[in-house]
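Have a look at the structure below before the remarks.
The values are calculated or read from the model by the stated rules, or taken from the named source; none is laboratory data. Please read these numbers as outputs of a predicted model, since none were measured by experiment. Glycine gets a Cβ as well: all are built from the backbone with ideal geometry, and neighbour counts include every protein chain shown. Side chains are part of the model used for accessible areas, which takes the heavy atoms of the whole protein and leaves out ligands, DNA and RNA. Shrake-Rupley method; radii C 1.70, N 1.55, O 1.52, S 1.80 Å.
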Amino acid sequence: MSPARASSRPVDAAGSPQPGELVYVTIGKLRRPHGVHGEIVMEIYTDFPERLRAGMTLYAGETYQVLKLTHRRWHQEGLLLTFDGYDTPERVGELRNQLLFLRTADLPSLPAGEYYHHQLLGLAVMDESGKLLGQVTEILETGANDVLVVRSQTGGEILLPLIDEVLLEINLPDGQMRVHLLPGMLDEAVE
C-alpha cells in the first residue's frame, strides 16, 4: 500500500495542477559524496528503489533542481547515484543533504486495489450510512498493517486500520472512501 512517501505539491497524472494532488513524491535523501567519480549516497525512502534507472529525470531540493540519473548501484543500506554533469566529489557535494523527488506523473502504475499513500491523504472518510467521519491527515506504517489517521470536524482523531474488514471502497475521482466501523472504533477516538 505504500510504494512512495509523499511530498506536498499538487498535480494530476498529466502534470496539470489539481487541488489536493501532488506533483512530487520523496524517494530519498542525498547524503554525501562517495569516491572520486561523482557518486553520492542516497538514503532510500521509496519502497521501489530498483525502479530507478539511468536516463530518469529526478528533482533535488526545495527548488526541484532537475537531475538526469546516469547510474545507480547498491551500497550497504543505500544507493550510490551519479548524475549528468556531476563527475567530481566536489560538484556532487553541492547536492548533499537534499531530498530527492520523482514526479507523481512518472510513478509506475499499481495493481487494482492498491494505492500510493499520497493518493489517500486528504480523502473524505464516510461510514456505511454516508455520514462524514473526517479527512485522512496521516498514514501510520505499523508492522501488521497501515493505519489511517482521520481528523474529525471537531478536531478529534479516529484511527482506522487499513484492513479488508474496515475499508469498503476508495473513490479517488470523488475524493472519498467508505469504511465500516468495527465495534469500539469511535469510542477510542482521540480528542
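Tell me which of these H117 doesn't satisfy, since it passes every other one: (1) closer than 30 Å to R151 by Cα; (2) modelled with pLDDT under 90; (3) open to solvent by 20 Å² or more (accessible area, probe 1.4 Å). Tallying (1) closer than 30 Å to R151 by Cα; (2) modelled with pLDDT under 90; (3) open to solvent by 20 Å² or more (accessible area, probe 1.4 Å), H117 fails exactly one: (3).
Please find, among T63, T104, the residue that is surrounded by fewer than 12 Cβ atoms within 10 Å (Cβ to Cβ), under 17 Å from Y24 (Cβ atoms) and under 19 Å from the mean Cα position of the chain (by Cα).
T63
Does V125 satisfy being at pLDDT 95 or above and closer than 29 Å to V23 by Cβ? Spelling it out, V125 is indeed at pLDDT 95 or above and closer than 29 Å to V23 by Cβ. Condition first: of a type in the set (D, E, K, R) and assigned to a loop (DSSP other than H, G, I, E, B). Can you find one or more residues in the stretch 63-74 that meet it? Taking every residue of the stretch 63-74 in turn, none turns out to be of a type in the set (D, E, K, R) and assigned to a loop (DSSP other than H, G, I, E, B).
Selection of first residues in the stretch 118-139 that are under 18 Å from L182 (Cβ atoms) and of second residues that are open to solvent by 30 Å² or more (accessible area, probe 1.4 Å) and hydrophobic (A, V, I, L, M, F, W, C), restricted to Cβ pairs under 6 Å at least 6 apart or on distinct chains, gives the following pairs, ordered by first then second residue: M126/L132; D127/L181; V136/L121.
Among the residues of the stretch 132-142, those that are crowded, with 16+ Cβ neighbours inside 10 Å and either aromatic (F, W, Y) or over 20 Å from the mean Cα position of the chain (by Cα) (or both) comprise L133, G134. Pairing residues of the stretch 35-63 that are under 19 Å from H118 (Cα atoms) with residues that are in a loop (DSSP other than H, G, I, E, B) and hydrophobic (A, V, I, L, M, F, W, C), at Cβ distances under 7 Å and at least 6 apart in sequence or on separate chains, gives T46/A4; D47/A4. Is there a residue being in a strand (DSSP E or B) and open to solvent by 10 Å² or more (accessible area, probe 1.4 Å) anywhere in the stretch 42-49? Scanning the stretch 42-49, I find at least one residue that is in a strand (DSSP E or B) and open to solvent by 10 Å² or more (accessible area, probe 1.4 Å), so the answer is yes.
In the stretch 143-189, the qualifying residues are those that are farther than 16 Å from D127 by Cβ and open to solvent by 70 Å² or more (accessible area, probe 1.4 Å), and the one that is farthest from the chain's Cα centre (by Cα) is D164.
Under the condition of being open to solvent by less than 20 Å² (accessible area, probe 1.4 Å) and over 20 Å from the mean Cα position of the chain (by Cα), the residues counted in the stretch 70-81 number 2.
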